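Notes follow the structure.
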Amino acid sequence: MSLILGISAFYHDSAVALLRDGEIVAAAQEERFSRRKHDEGFPHGALEYCLKAAGCSGRDIEYVGFYEKPLAKFDRLFRTYLAFAPRGYESLRKAVPQWLETKLRVPRALDRGLGGAYRGRYAFADHHESHAASAFYPSPFDEAAILTLDGVGEWSTASLGVGRGHKIELTHELRFPHSLGLLYSAFTYYTGFKVNSAEYKVMGLAPYGEPRFLKPILEHLLDLRDDGSFRMDMSYFNYCQGLTMTSEKFHQLFGGPPRDPEAALTQREMDLAASIQAATDEIMLRCGRHVQQKTGMRKLAISGGVGLNCVSTGRLLREGPFDDVWVQPASGDAGGALGMALLVWHQLLENPREAQAGDAQQGSLLGPEFSDAEIRAFLDSVGAPYRSLSAPELCDAVAKHLAAGEVIGWFQGRMEFGPRALGCRSILGDARDPEMQSRMNRKTKYREGFRPFAPAVLEERCAEYFGHDRPSPYMTFVVPVSDAQLRPLSADERKIAGLDRLQVQRSSIPAVTHVDGSARIQTVGENANPRFRELLRAFHRLTACPVLINTSFNVRGEPIVCTPQDAYACFLRTDIDRLVMGSFVLDRRAKRAVELGVRQTLEQDWGALGLEGLRGPHALDD
Ligand SMILES: [Fe+2]
């Protein structure tokens with residue numbers, strides 16, 4: 001038996017993946033355990049979980065692979081400094097201590113992290129090789145073109161090549177500082193959002209705007225070629241030498257300083273978002289056409305952080321030259337851990353590979369799970385009142401609550417690997433309800449009202465609701481809502497601009513229809529997640545609608561919940577109506593029980609002080 005660990009760490013989105021004889025046993029991102037979003041530290045929690053899932057210890061591991069080459073990365077950092085010296089001194093001064101302490105001593109840090117149990121050697125791959133491996137090896141393709149796009153690894157910011165059988169070969173690359181990921185992040189920064197974290201908010205904002213800045217982007221910022229490669233005019237950017245993304249010249253070109261993160265969003269930010277999104281679509285389409293011509297392949301596998309831009313991947317699927325496209329669901333650096341482990345197994349150890357029908361990603365349900373006995377023990381330990389239901393009863397009951405307009409916290413089975421909740425750590429709602437998007441945004445997730453929710457749909461019903469006719473189990477493509485579901489808009493409705501467009505009901509499933517009539521779909525088929533599928537079937541039987549809102553089970557700024565404790569705490573803090581964990585259902589009485597417990601404690605304290613307590617007008621009223 002061969003056990004292989006892949007690790008990504010020390011930049012952002014640390015993660016661990018574990019293979020047993022080439023098969024993925026477990027993969028998880030550290031933030032879910034440490035509860036620190038994008039945690040970049042050594043992934044102790046994820047490692048402990050993966051070893052436990054395989055029933056082994058560090059001593060049993062045959063190979064450990066690290067997802068990038070720290071020395072090459074440091075070389076890039078130092079050379080960039082020299083090229084701009086002395087201007088980059090401040091950012092270098094800030095970076096060097098961490099490099100000396102950890103990043104240049106990765107084997108030592110890994111030894112320590114593995115508790116000294118691992119006796120073997122460490123394998124290192126290029127950052128983009130890890131991304132490429134995570135794209136191709138789990139894909140359903142025997143052979144495929146490969147495209148990776150992100151901010152930056154060592155020097156590469158994009159690469160393309162081909163995968164055949166168990167071998168991948170990257171043949172072309174784009175090098176730092178020219179980077180589609182960093183270009184997108186520059187606009188993320190400029191529109192007042194958090195870099196390396198909130199790029200998807202820019203993508204969500206884009207449909208509210210007009211791409212009126214596309215021309216200056218293509219004329220001034222980029223020299224874009226037919227093959228999708230480009231050079232950036234670095235005088236508009238500041239990320240090589242400074243602590244910000246954009247320069248004064250950039251601000252002048254686009255007519256002002258970056259938006260203060262606390263300031264209101266205006267039409268200008270929406271137009272900027274629309275413009276950078278249009279540029280990204282164009283670059284991805286050109287890259288796609290080029291890699292198809294170079295390789296002659298009919299299939300494409302994508303990874304790297306820009307691969308999470310599901311608007312661009314959706315367009316590449318529909319308008320590009322490929323018959324099929326597969327996007328690694330953990331396309332960010334967390335997925336590098338999985339890619340690295342697969343790279344060791346196939347590329348280094350020469351183990352053959354047979355593409356699997358569907359794919360080898362197992363629905364990306366690769367994280368921890370909790371048995372009913374464990375969930376019950378937890379609920380009893382906190383004194384939460386609950387009902388226990390059999391499997392068929394459970395789905396019928398939850399479907400009824402959803403149809404009645406409730407928001408449900410849905411905690412089942414193994415946690416997802418990748419940034420999307422796919423029906424195991426999800427908050428669910430009725431997609432037909434026109435009020436549901438703003439209600440869930442404001443009251444449940446405490447996030448910006450403009451952000452769209454995604455639909456989960458029964459796979460066999462997908463084409464009735466969306467312009468898409470194949471499995472899309474990972475929410476990696478934005479597709480059009482079908483004409484049959486769209487509602488014609490009145491002349492007045494068409495005149496509405498900006499965020500007010502959110503108020504216009506565009507389809508029979510308004511809560512998941514974006515203002516441009518699109519949706520980021522998850523199709524739910526037979527295999528990966530039977531209980532979630534059964535819930536969708538129960539909802540369909542009851543309402544004739546096979547679609548539910550599926551959003552991640554977390555509140556703004558926090559990682560998705562991992563354990564029953566996390567889910568319960570999130571339930572108590574939000575306006576979620578009901579929490580369903582395994583076979584157990586908790587309603588608002590559970591929240592009242594907690595409130596009552598707090599009140600009783602307060603009353604005892606106040607009683608000890610000889611005070612009246614919290615009776616009368618303070619009594620809980622719902
Ligand atoms: Fe990356």
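Brief remarks on what is shown
- Condition check for ARG59: under 23 Å from PHE124 (Cβ atoms), out of contact with any Asp or Glu (no Cβ under 6 Å at 6 or more places or on another chain), surrounded by fewer than 20 Cβ atoms within 10 Å (Cβ to Cβ) and modelled with pLDDT of 80 or more: yes
- On the stretch given as the stretch 175-208, residues that are within 16 Å of the ligand (Cβ to nearest atom), without any contact (Cβ under 8 Å) to a residue 60 or more places away in the chain and in contact with a helix residue (DSSP H, G or I) (Cβ under 8 Å, 6 or more places away or on another chain) total 2.
- Here ALA334 passes the criteria (1) in contact (Cβ under 8 Å) with a residue 12 or more places away in the chain; (2) away from the ligand (no atom under 16 Å from the Cβ) except the one numbered (2).
- Matching residues, the stretch 467-481, being within 19 Å of ASP324 (Cβ to Cβ), surrounded by 24 or more Cβ atoms within 10 Å (Cβ to Cβ) and of a type in the set (A, V, I, L, M, F, W, C): MET475, PHE477, VAL478
- Note on the stretch 68-105: among residues that are within 30 Å of the chain's Cα centre (by Cα) and either in a loop (DSSP other than H, G, I, E, B) or modelled with pLDDT of 85 or more (or both), the one that is surrounded by the most Cβ atoms within 10 Å (Cβ to Cβ) is GLU68.
- Conditions (1) open to solvent by 50 Å² or more (accessible area, probe 1.4 Å); (2) among the charged types (D, E, K, R); (3) assigned to a helix (DSSP H, G or I); number of the one not met by ASP227: (3)
- Subset tally (residues that are open to solvent by less than 10 Å² (accessible area, probe 1.4 Å) and not in a loop (DSSP other than H, G, I, E, B)) for the stretch 536-550: 7
- Filtering the stretch 114-149 to residues that are within 12 Å of the ligand (Cβ to nearest atom) and either part of a helix (DSSP H, G or I) or open to solvent by 10 Å² or more (accessible area, probe 1.4 Å) (or both) leaves ASP126, HIS127, HIS128, GLU129, SER130, HIS131, ALA132, SER134, ALA135.
- Of the residues making up the stretch 253-274, those that are outside any loop (DSSP other than H, G, I, E, B) and under 26 Å from the mean Cα position of the chain (by Cα) number 6.
- Meets criteria (touching a residue at least 60 places away in the same chain (Cβ under 8 Å), in contact with a Lys or Arg (Cβ under 9 Å, 6 or more places away or on another chain) and not in a helix (DSSP H, G or I)) for LEU300: no
- Residue match in the stretch 150-166 (condition: within 22 Å of MET270 (Cα to Cα) and touching a residue at least 60 places away in the same chain (Cβ under 8 Å)): no
The values are calculated or read from the model by the stated rules, or taken from the named source; none is laboratory data. These numbers come from a predicted model, not from an experiment. Glycine gets a Cβ as well: all are built from the backbone with ideal geometry, and neighbour counts include every protein chain shown. Side chains included, ligands, DNA and RNA excluded: accessible areas come from the protein's heavy atoms. Shrake-Rupley method; radii C 1.70, N 1.55, O 1.52, S 1.80 Å.
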